[in-house]
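> I am attaching a structure below and will ask some questions about it afterwards.
What follows is calculated from the coordinates using simple rules that are stated; it is not laboratory data. Because the structure is a prediction, the values reported are computed rather than measured. Neighbour counts run over all protein chains shown; Cβ positions are idealised from the backbone, glycine included.
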Amino acid sequence: MRPTATRLDGMPGPKSFSPWWGDTSMHKQRGVIVYTVSPFRQRGSKAIIRGWLFNGYRRLAAQVPYWIVPFALGYGTYTWAKSRDAWQNSKAGHIALGSHH
């Protein structure tokens with residue numbers, strides 16, 4: 001009796017080039033190059049705070065002219081509109097504009 005196609009689905013046979021997950025019994029693949037860094041050279045968090053304090057501050061300070069002007073214009077427009085709305089809804093604003101509630 002022969003196994004069905006569903007039973008063989010997904011499992012590589014003996015003539016397949018790539019082995020099943022974790023199978024090291026087949027021949028090594030050629031042309032695969034792996035580069036690694038020595039664990040002694042990997043210092044991911046070395047001077048991270050000091051680097052952020054100086055380099056991060058410099059980079060943020062360089063961007064200030066690009067965001068401070070639009071921010072100031074937007075905030076100025078917001079405060080002007082808020083005070084104008086409060087004045088228009090006040091008794092003095094109604095009298096000055098000549099409108100009645």
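> What are the trypsin sites (Lys or Arg not before Pro) within the range 41-101 that DSSP puts in a loop, where the Cβ has at most 15 other Cβ atoms within 10 Å?
Taking the range 41-101 and a limit of 15 other Cβ atoms within 10 Å, the loop trypsin sites (Lys or Arg not before Pro) found are R41, R43, K46.
> For every other residue with a beta carbon closer than 12 angstrom to the beta carbon of W52, add +1 if it is Lys or Arg and -1 if Asp or Glu, then tell me the sum.
+3
> Per residue of the range 42-55, what does 6.51 cos²θ - 1.76 cosθ + 1.60 with θ = phi - 60° give for ³J(HN,Hα)? Whole Hz please, x for Gly and Pro, Karplus curve as stated.
My calculation for the range 42-55 gives 8, 10, x, 10, 5, 6, 5, 6, 5, x, 5, 4, 8, 6 Hz in order.
> Can you work out ³J(HN,Hα) from phi for every residue in the range 62-75, in order, using Karplus 6.51 cos²θ - 1.76 cosθ + 1.60 and θ = phi - 60°, giving whole Hz and x for Gly and Pro?
So the J values, rounded to whole Hz, are 5, 8, 4, x, 7, 10, 6, 5, x, 5, 5, 5, x, 5.
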